[in-house]
Amino acid sequence: MTQDELKQAVARAARDYVADRLPQGAILGVGTGSTANFFIDELAAIKGRLGGTVASSEATAKRLAGHGIRVLDLNDIDAMGIYVDGADEIDHGLAMVKGGGGALTREKIVAAVAETFVCICDASKRVPVMGRFPLPVEVIPMARAHVARELQKLGGAPRLREGFVTDNGNLILDVHGLSITDPAGMEQVINQIVGVVTNGLFALRGADLLLLASPHGVQTFQR
Ligand code: 5RP
């Protein structure tokens with residue numbers, strides 16, 4: 001199976017999960033990236049069940065709207081049952097590295113509101129220790145050099161994501177060379193650096209459920 005076929009399979013499994021578990025008329029959070037895009041395309045089949053969606057990026061909002069799926073402002077809702085999103089890496093405790101698509105801050109905000117975070121991945125994303133995928137850090141532009149120096153002190157090699165501006169008007173530093181043995185600790189330490197908006201570690205609020213596609217089928221892992 002190709003990686004796209006695996007993404008398609010896990011997207012379908014997530015659609016079925018939402019159809020089974022999300023009460024009629026409830027709000028669904030929708031992530032960003034190529035796996036999330038497959039999921040959005042699958043969602044079109046059950047859009048009548050949804051009270052609306054909250055998008056974690058402008059790109060996702062546009063794709064949802066393209067299917068005629070209602071997109072709401074997060075400030076206008078009180079509760080969100082399920083949030084479905086991909087990841088760049090996920091460990092066995094269901095902590096993740098996210099932000100390969102640069103949407104980490106909005107993803108983290110939407111995840112904070114959701115009751116259940118469902119991560120959808122192909123098997124290449126599951127790792128014993130995260131850090132091989134460079135950790136994205138969203139930074140206020142004037143703090144770029146300062147934050148880069150602080151990240152170096154933590155043992156990382158930050159590189160500016162060239163030509164990229166986030167939906168929030170900020171920059172991304174991709175941090176290479178980290179071995180993330182304490183995801184929650186590192187998430188907190190990096191968030192304390194002045195000028196950091198968010199980092200791509202999702203450990204303090206990790207996934208509750210992982211749907212993982214391999215050529216043998218889609219497996220479910222629970223936290
Ligand atoms: C975007 C993300 C994505 O979830 C992550 O990059 C995975 O993307 P893909 O499904 O394309 O591999 O965090 O900011």
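The values are calculated or read from the model by the stated rules, or taken from the named source; none is laboratory data. All figures in this text were calculated on a predicted structure; none of them were measured in a lab. Virtual Cβ from ideal backbone geometry, glycine too; neighbours counted across all protein chains shown. Calculation scope for accessible area: heavy atoms of the full protein, side chains included, ligands and nucleic acids excluded. Shrake-Rupley method; radii C 1.70, N 1.55, O 1.52, S 1.80 Å.
Only sites in a loop by DSSP and with at most 15 other Cβ atoms within 10 Å count here; which chymotrypsin sites (Phe, Trp or Tyr not before Pro) in region 123-223 make the cut? Display every interim value, and only then the final one.
Details: sites: Phe164, Phe202, Phe221; in loops: Phe164.
Here the chymotrypsin sites (Phe, Trp or Tyr not before Pro) that fit, given the DSSP loop and packing criteria, are Phe164.
Express in whole angstrom the spacing between the alpha-carbon centres of region 1-55 and region 77-150.
18 Å
Under DSSP H, which helices of the chain have Cα atoms covering 18 Å or more of the helix axis and a Kyte-Doolittle average no less than 0.5? Mind showing how you got there, number by number?
Working: long enough: 3-21 (27 Å, -0.97).
Going by DSSP H runs, there are no hits.
Number of Lys pairs in the chain with C-alpha atoms less than 21 angstrom apart, excluding same-chain neighbours closer than eight positions?
Number of lysine pairs found: 10.
Where does each of Met96, Met1 land when they are ordered by accessible area, with a 1.4 Å probe and the largest first?
Details: Met96 0, Met1 130 Å².
Ranked from most to least accessible, the order is Met1, Met96.
Once you have the Kirkwood Rh of the chain from its Cα pairs, apply Stokes-Einstein at 20 °C and 1.002 mPa s and quote D in µm²/s. Could the numbers behind the result be given before it?
Working: Rh = 17.5 Å.
Answer, rounded: 123 µm²/s.
So, taking all protein chains as they sit and a 1.4 Å probe, how much accessible area belongs to Arg161, in Å² rounded to tens?
So the heavy atoms of Arg161 present about 40 Å² to solvent.
Show Arg21, Arg132 ordered by accessible area, largest first, where the area counts protein heavy atoms only and the probe is 1.4 Å.
Working: Arg21 150, Arg132 220 Å².
My answer, sorted largest first, is Arg132, Arg21.
Of all GluC sites (Glu not before Pro) in region 91-184, which ones are in loop regions per DSSP and have a Cβ with at most 16 other Cβ atoms within 10 Å? Don't jump to the answer; show the numbers that get you there.
Values: sites: Glu107, Glu115, Glu138, Glu150, Glu162; in loops: Glu162.
Taking region 91-184 and a limit of 16 other Cβ atoms within 10 Å, the loop GluC sites (Glu not before Pro) found are Glu162.
Could you tell me the calculated FRET efficiency between Ser124 and Lys62, based on Cβ-Cβ distance and R0 = 25 angstrom, to the nearest 0.05? Before the final figure, lay out each step's value.
On the way: r = 27 Å, r/R0 = 1.08.
Efficiency, rounded to the nearest 0.05: 0.40.
Sorting Lys7, Lys153 by accessible area (1.4 Å probe), largest first, what list results?
Sorted descending by solvent-accessible area, the residues read Lys153, Lys7.
What number comes out for accessible area per residue over region 1-108 if the probe is 1.4 Å? Units Å², please. List each step's numbers first, then the result.
Working: 4330 Å² over 108 residues.
Heavy-atom SASA per residue in region 1-108 reads 40 Å².
How far is it, in nm, from the label point at Val189 to the one at Arg21 when both lie 7 Å from their Cα along the line to the Cβ?
Each label point lies 7 Å from its Cα, and together they span 3.3 nm.
Say we join alpha carbon atoms closer than 10 Å with springs in a Gaussian network model of the chain; which of Ala36, Ala123, Ala145 then has the biggest fluctuation?
Comparing Ala36, Ala123, Ala145 in the GNM, the peak value goes to Ala145.
Report the gain in length on full extension from Ala145 to Ser34: 0.36 nm times residue separation, minus Cα-Cα distance, nm rounded to one decimal. List each step's numbers first, then the result.
Numbers: separation 111, 0.36 × 111 = 39.96 nm, distance 3.06 nm.
Difference between extended and current length: 36.9 nm.
Carbon and sulfur atoms: what percent of the 1.4 Å accessible area of region 124-223 do they account for? Please report the intermediate quantities before stating the final value.
Working: 2760 of 5170 Å².
Within region 124-223, the accessible surface is 53 percent carbon and sulfur.
What is the dipole size for the chain, taken about its Cα centre, with +1 at each Lys and Arg Cβ and -1 at each Asp and Glu Cβ, in debye to the nearest 20? Please report the intermediate quantities before stating the final value.
Details: 22 positive and 25 negative charges, 33 e Å.
Result for the chain is approximately 160 debye, rounded to the nearest 20.
In a GNM of the chain with a 10 Å cut-off on Cα contacts, which of Pro141, Pro158, Pro183 has the highest mean-square fluctuation?
Looking only at Pro141, Pro158, Pro183, the biggest GNM fluctuation is shown by Pro141.
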